[in-house]
Amino acid sequence: MSTLDGAALVLRLGVGLIFAVHGAQKLFGWWGGSGFAGWQAVMTRMGFRPGWLFAAISAAAELVGGLALAIGLLTPLAATVLVAQSIVIIFAAHWARGFFNRDNGYEFPLALVSGVVATLLLGPGEVSVDSLIGFGLDPEVRVGLVALGVLGAVVSLAIPRIFPATEQPIATA
């Protein structure tokens, strides 16, 4: 194994498993997480409608995308999903709190998205399922997938602004 392949493996495992753990917190409530009902409430409070759909997509992106990234399975596709998820996390949940993680700022998700983009551009390396099955994409396509992840995030972030939650009318007797 080359040094570059070893670096790709360490990067994939670290970033992928962090995402997977966060997805498991959101879906199952493991490791002190909110579980799906709690995560759905958070997504609804942030203005994403329907909350259950956005909660399912975001939690699955983290759990499935993180596991796929960690083992190097369909790495460019997993990374594209995680780029979009990371950008949404940064702007929907952390941006207003500033940079530093101690203030619940965007420092940590920015570090994660940097690792995801690096993995996407670098490729999964030889110690990956992708290498085993012969799956790979040209560097130009991987650059395009970074752009696609950014576009996906922009669309996701725009939805609550385009379709804001409406107040429910109060029933009168």
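Okay, helix-only estimate at 222 nm for the chain: each DSSP H run of n ≥ 4 adds -39500 (n - 2.57), divide by all residues, round to 500 deg cm²/dmol; what do you get? Mind showing how you got there, number by number?
Working: 7 runs with 117 residues, N = 173.
Helices in the chain give a 222 nm mean residue ellipticity of -22500 deg cm²/dmol.
For a test of the definition: using alpha carbon positions, the gyration tensor, and the 1.5 limit on a/c, classify the stretch 15-120 as rounded, prolate or oblate.
Details: a/c = 1.62, a/b = 1.17, b/c = 1.39.
Here the stretch 15-120 falls in the oblate category.
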For the chain, built as a Gaussian network whose Cα springs stay under 10 Å, the top-fluctuating residue of 64, 117, 154: 154
At least 18 Å along the helix axis (C-alpha) and Kyte average at least -0.5, DSSP helices within the chain: 3-28, 51-71, 75-88, 107-122, 139-162
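Arrange 89, 57 by Cβ neighbour counts within 10 Å, fewest through most, would you?
Values: 89 22, 57 17.
Least crowded to most crowded, the residues run 57, 89.
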Distance in nm between pseudo-label sites at residue 103 and residue 129 (7 Å out along the Cβ direction from Cα): 4.0
Per-pair calculated FRET efficiency, R0 = 30 Å: residue 163 and residue 13 via Cβ, rounded to 0.05: 0.20
Cα pair count fraction exceeding 17 Å, expressed as % - the stretch 71-169: 58
Cβ-based charge dipole, the chain, positive-most Cα from 77, 139, 1: 77
Residues listed by number, the stretch 43-82, amide nitrogen under 14 Å from residue 154 label point at 7 Å toward C-beta: none
Protection proxy ranking, peptides 155-163, 16-24, average beta carbon neighbours within 10 Å, highest first: 16-24, 155-163
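Fully extended, how many nm does the chain gain between residue 49 and residue 2 (0.36 nm per residue separation, minus their Cα-Cα distance)?
Details: separation 47, 0.36 × 47 = 16.92 nm, distance 4.65 nm.
So the extension gain works out to 12.3 nm.
No value in this document is a laboratory result; all are computed from the given coordinates. Source: prediction; values computed, not measured. FYI the Cβ positions are ideal-geometry reconstructions off the backbone, even for glycines, and counts take in every protein chain you see.
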